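Structure first, then comments.
The values are calculated or read from the model by the stated rules, or taken from the named source; none is laboratory data. Because the structure is predicted, anything quoted here is derived from the model rather than measured. So basically every Cβ, Gly included, is an ideal-geometry build from the backbone, and we count neighbours across all protein chains shown. Calculation scope for accessible area: heavy atoms of the full protein, side chains included, ligands and nucleic acids excluded. Shrake-Rupley method; radii C 1.70, N 1.55, O 1.52, S 1.80 Å.
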Amino acid sequence: MAEANDVLQLYAKRILVLASEIPFATLISEPESSAKKRSPLCGSTVTVGLKTDGGQVSSFGQDVKACALGQASASVLGKNVIGRDRLEIEQARDQLEAMLKQDGPVPDPPFEELEALRPAKDFRNRHASIMLAFDATIDAMKALEKA
């Protein structure tokens, strides 16, 4: 029992560290595209603004109003979003969702730090908050493609 508790404490610490270190935590001025997503269950919101160059994110900012789990997810995205295209971000989002909902494997590099969120798989009411940053980023990129 002590081992399980130690693991939970380790994950909690990793989540809090990620949540406290969100890169690009302010919206950029004059984004090419932006999107806002909200979780109806908990009220968490994430707004992203971005610019792209050749289909890859070149500038990014995010306003994250979410629980520590949503903040941790936004942190991992923020660390890795520059230089990524929509398909790479969608793949990371899909892998994160599979890890949470189907006990799937950890997302591929460079998004492997999302593994810290694995304990949230048992808290389905928090899954939407965890997905917000990825979903908002994908929506913003899709809007650019339609323009």
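For the reader, a short list of remarks on this structure follows.
- Just so you know, in segment 30-42 the residues that are open to solvent by less than 90 Å² (accessible area, probe 1.4 Å) and modelled with pLDDT under 95 include one that is nearest to Asp63 (Cα to Cα), and it is Ser39.
- Long-range neighbours under 6 Å by Cβ, at least six apart or interchain, first residue within 14 Å of Arg14 (Cα to Cα) within segment 61-90, second assigned to a loop (DSSP other than H, G, I, E, B) and open to solvent by 50 Å² or more (accessible area, probe 1.4 Å): Ser75/Glu21
- Within segment 112-138, if we keep just the residues that are open to solvent by less than 60 Å² (accessible area, probe 1.4 Å) and of a type in the set (Asp, Glu), the residue that is farthest from Gly54 (Cα to Cα) turns out to be Glu115.
- One residue stands out among those in segment 65-81 that are out of contact with any Ser or Thr (no Cβ under 7 Å at 6 or more places or on another chain) and surrounded by fewer than 22 Cβ atoms within 10 Å (Cβ to Cβ): the one that is nearest to Val46 (Cα to Cα), which is Ala68.
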